[in-house]
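S.K.: A single structure is presented below for examination.
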Amino acid sequence: SKESELADLEFDVVWEDWSNASTFEVFVDGRSGLTGLPLQPVYLRHGFNDVFSFRLGGSYGVLLGDATLRFRAGGAYDTAAAPESWSRIDIDGAPRWTFGGGLALEISGWRFDLGGGVSRSAERTVDQCKAPDGPGETSPGCAGTGADTDVDQRTSPDPAQPLNSQDVQIQSPYNAGVYRMSYTLISFGVGYAF
């Protein structure tokens, strides 16, 4: 008789250290066309938190002579990598649900996999962060607005400003708006075990 695992059910909890990759340092090799001064390094802040992912999935195999046909399905929930006020289009930091399924045919050391899935995030609305009207004033949800405050205390991103040093970056509400994110995944693979 053919020995093979016919069924499998797994639950996983995964931690991802996104807070350690929250800021990207970009070096700009150039000079200002107006003043001729060298451009400053740019820090692209994302306000990331660590992410936890909860995953449940399984497979079931059916023997077909010398072959095994496997059915697979699963789902996952990922917590948000970025708070709502830090939403931006370069990296999707929203929480999401992902569901997938697939088939695999195993025969004579070969395995053929076909899979697909969908990933959906809740809609996010980011309000415009307005600069204060005068010294000492702040706007709700816009901590660190203005050139005289600590950029590390801000609650939303800044556009790249290579003409200014990092301690005087002026906050701009460029990420305000509505964010809708979804993905459709399709995969096909061929493997051989020897």
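S.K.: Sorted by packing (mean other beta-carbon atoms within 10 Å per residue), highest first, where do 75-81, 6-12 land?
M.R.: On the way: 75-81: 17.6, 6-12: 10.6.
So the peptides 75-81, 6-12, ranked by packing, come out 75-81, 6-12.
S.K.: Also, quick follow-up: Using +1 on the beta carbon of Lys and Arg, -1 on that of Asp and Glu, and nothing else charged, what's the dipole of segment 52-106 about the Cα centre, debye to 20?
M.R.: 120
S.K.: Would you grab the residues whose amide H sits under 5 Å from the one on residue 164? Only those 5+ places off in sequence or on another chain, please, with H modelled 1.01 Å from N.
M.R.: The list, which skips near neighbours in sequence, is 40.
S.K.: Can I ask one more? Rounded to whole Hz and in sequence order, give me ³J(HN,Hα) for segment 42-59 from the Karplus expression 6.51 cos²θ - 1.76 cosθ + 1.60, θ = phi - 60°, writing x for Gly and Pro.
M.R.: So the J values, rounded to whole Hz, are 10, 10, 8, 8, 10, x, 5, 10, 5, 10, 10, 10, 10, 10, 10, x, x, 9.
S.K.: So if each residue of separation counts as 0.36 nm, and I subtract the Cα-Cα distance between residue 64 and residue 52, what length gain in nm does that give?
M.R.: Working: separation 12, 0.36 × 12 = 4.32 nm, distance 3.88 nm.
Stretched out fully, the residue 64 to residue 52 stretch lengthens by 0.4 nm.
S.K.: Report the calculated FRET efficiency for residue 11 and residue 152 (r = Cβ-Cβ distance, R0 = 45 Å), to the nearest 0.05.
M.R.: Values: r = 38 Å, r/R0 = 0.83.
Step by step, r from the Cβ atoms, then E = 0.75.
S.K.: May I ask you to give the percent of accessible area on segment 1-86 that is carbon plus sulfur, with a probe radius of 1.4 Å? Walk me through the numbers before you get to the answer.
M.R.: Numbers: 3180 of 5580 Å².
Answer for segment 1-86 is 57 percent, counting heavy atoms of protein chains only.
S.K.: Something else about it: Please turn the phi angles of segment 76-91 into ³J(HN,Hα) values with the Karplus equation 6.51 cos²θ - 1.76 cosθ + 1.60 (θ = phi - 60°), one per residue in order, whole Hz, x for glycine and proline.
M.R.: 8, 10, 10, 6, 5, 7, 10, x, 4, 5, 9, 4, 7, 8, 6, 9
The values are calculated or read from the model by the stated rules, or taken from the named source; none is laboratory data. None of these values were measured; they are calculated from a predicted model. Using ideal geometry, Cβ is built from the backbone for each residue, glycine included, and neighbour counts are taken over all protein chains shown. Heads up: the accessible areas ignore ligands, DNA and RNA and are worked out on the full protein's heavy atoms, side chains in. Shrake-Rupley method; radii C 1.70, N 1.55, O 1.52, S 1.80 Å.
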